[in-house]
Amino acid sequence: MTRQLLSLLFLASALHAGEVPDPLVANDGTKITTAAEWREKRRPELVELFTREMYGRNPGRPETMAFEIFDRDVVALDGKATRLQIAIYPGGKPGPRVDLLVYVPNGAKGPVPAILGLNFSGNHAIHKDPGIRLTESWIESKAAPDHKATDATRGSNASQWPVEEILSHGYALATMYREDVAADHEPYFGSGVHPLFPELQKGDENFSTIGAWAWSLSRALDVLEKEPVIDAKRVAVFGFSRLGKAALWAGASDQRFAMVLSNESGAGGAKLFHRGVGENIERLTTVFPHWYARNFKKYAGKDKELPFDQHMVISLIAPRPVYIGSAQEDTFADAEGEFMAAKSAEPVFRLLGAEGLPAETWPPVGTSVQGGIGYHVRPGKHDVLPFDWQQYLAFADKHLKPR
Ligand code: GCU
């Protein structure tokens with residue numbers, strides 16, 4: 001059969017409604033059968049496809065980027081941790097500033113692995129620690145009607161960030177506030193890092209907000225690489241919901257991340273669009289027009305005919321471990337669709353010599369399955385609960401701890 005005919009046959013099957021495209025079939029229709037072909041041919045194709053059609057182009061690491069450690073408290077959290085706060089100026093100083101808050105467990109014998117993630121409400125909201133600098137960015141809180149962070153908003157998001165428990169497993173925790181990076185409210189692209197790169201807003205492959213969040217995680221990793229107490233080769237990237245969508249793309253596009261933890265990232269995160277269950281592209285691209293590149297809007301109403309899907313983003317993380325956490329009542333995020341995406345990425349993990357997802361069918365509610373890919377659906381609503389973190393930490397202990 002000629003190459004052209006193969007390619008036509010592939011296109012015909014990819015366009016079959018509801019059928020998930022095979023990550024191991026290249027753009028020219030050929031089957032990828034070796035790790036080298038994946039690395040040299042298919043992986044770059046997919047990174048380019050998702051950059052162009054979904055997340056948009058980013059500016060890479062700006063040469064002018066600067067950072068300053070403005071706080072180092074070696075007896076933070078009752079002496080349990082060293083707290084570092086680092087002002088990152090992605091375009092140089094002066095200019096937009098993103099604060100990276102880092103807690104490092106005290107008493108470690110060498111550099112420690114870390115969990116890095118963006119937060120929803122400000123660094124000061126993840127813990128009541130009065131030493132955390134209040135963000136100057138816009139915040140959304142009943143306690144702050146003028147959208148300005150105050151002491152009253154300290155710790156308001158602490159239930160989702162079990163800082164002491166993470167430290168007790170030997171991990172550092174590093175976090176940044178989404179609004180320091182990019183405006184998640186109107187006017188979109190009006191504050192944070194986007195005004196630094198006006199050229200990247202032109203056209204349909206624009207530097208999107210989820211693209212910027214993912215990019216900021218890579219910039220934070222640049223900074224962590226310079227911090228001797230952190231083992232930058234063992235950094236897991238974590239995110240919940242829209243920030244989980246960003247964590248997945250960060251881990252998929254930047255192979256320095258050692259692991260990805262996606263908590264209920266749902267549509268445009270870990271779930272499959274092809275099932276047509278839960279939040280769809282139409283809603284995603286109209287209610288949140290800034291999250292993805294403009295190109296993605298052309299797929300509204302075509303969820304079941306997409307020429308790609310989110311299992312391919314998960315497969316870009318292979319062979320590095322990835323955990324997908326779902327919640328039973330989070331119907332928007334389609335828990336079963338998140339499982340099926342993880343499962344559909346498995347052939348790539350296997351090809352690269354990693355373990356897949358050791359479950360043939362959707363696991364029972366409240367059980368965690370952990371191979372090279374991890375998965376659970378827990379009871380309850382869209383949230384980050386202690387059960388979720390217990391699984392992520394067990395998964396990290398399995399993969400990130402030295403043997
Ligand atoms: C909305 C949106 C989801 C998103 C969630 C969140 O519910 O529809 O796609 O994950 O917000 O980020 O909390």
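Some points to look at:
- Most mobile of Asp78, Asp330, Asp22 in a GNM of the chain (Cα contacts under 10 Å): Asp78
- Residues considered: Pro145, Pro113, Pro23. Largest GNM mean-square fluctuation over the chain, using C-alpha springs under 10 Å, is found at Pro145.
- Longest to shortest principal axis, alpha-carbon extents of segment 151-211, angstrom: 47, 29, 16
- Length available on full extension from Ser159 to Asp397: 0.36 nm per residue minus the Cα-Cα distance, which gives 83.5 nm.
- Within the listed set Gly337, Gly107, Gly92, the Gaussian network model of the chain (springs between alpha-carbon atoms below 10 Å) gives the highest mean-square fluctuation for Gly107.
- Considering only the chain, percent of DSSP beta bridges that pair antiparallel, nearest 5: 50 percent
- Inter-part distance where segment 282-359 and segment 119-195 are each reduced to a Cα centre, Å: 27 Å
- Point-to-point label distance, Val365-Val74, nm (Cα→Cβ direction, 7 Å offset): 5.0 nm
- Segment 99-199: translational diffusion in µm²/s, Stokes-Einstein, Kirkwood Rh over Cα pairs, 25 °C, 0.890 mPa s: 168 µm²/s
- Solvent-accessible surface of the chain, averaged per residue with a 1.4 angstrom probe and all protein chains in place: 39 square angstrom.
- When the charge dipole of the chain is built from unit charges on Cβ atoms (+1 for Lys and Arg, -1 for Asp and Glu) and taken about the Cα centre, the candidate among Met340, Ala149, Asn280 whose Cα reaches farthest toward its positive end is Met340.
- ³J(HN,Hα), Karplus 6.51/-1.76/1.60, whole Hz, each residue of segment 22-31, x for Gly, Pro: 7, x, 9, 10, 6, 4, 8, x, 7, 7
- Highest mean packing first, where packing is the average number of other Cβ atoms within 10 Å per residue, the peptides 218-228, 312-322 line up as 312-322, 218-228.
- Computed from backbone phi with θ = phi - 60° and the Karplus coefficients 6.51, -1.76 and 1.60, the 3J(HN,Hα) list for segment 55-64 is 9, x, 8, 10, x, x, 8, x, 5, 8 Hz; x is used for glycine and proline.
- Ellipsoid semi-axes in whole angstrom, largest first, where each is sqrt(5λ) of the Cα gyration tensor of the chain: 33, 24, 20
- Shape of segment 304-403 from the C-alpha gyration tensor: oblate (a/c of 1.5 or more and a/b not above b/c, with a ≥ b ≥ c the square roots of its eigenvalues).
- Alpha-carbon Rg with Dmax, taken over segment 34-75, Å: 18.2, 50
- Computed from backbone phi, the HN-Hα couplings of segment 254-269 come to 10, 6, 6, 5, 7, 6, 10, 10, 10, 9, 6, 7, x, 5, x, x Hz, rounded to whole numbers (Karplus: 6.51 cos²θ - 1.76 cosθ + 1.60, θ = phi - 60°; Gly and Pro given as x).
- Packing, as the average of other Cβ atoms within 10 Å across residues, places the peptides 170-179, 235-244 in the order 235-244, 170-179, highest first.
The values are calculated or read from the model by the stated rules, or taken from the named source; none is laboratory data. Every value quoted in this text rests on a predicted model; they were computed, and no experiment measured them. Every residue, glycine as well, gets a Cβ built from its backbone with ideal geometry; the counts of neighbours run over all protein chains shown. To get the accessible areas, we keep the full protein, side chains included, count just its heavy atoms, and leave off ligands, DNA and RNA. Shrake-Rupley method; radii C 1.70, N 1.55, O 1.52, S 1.80 Å.
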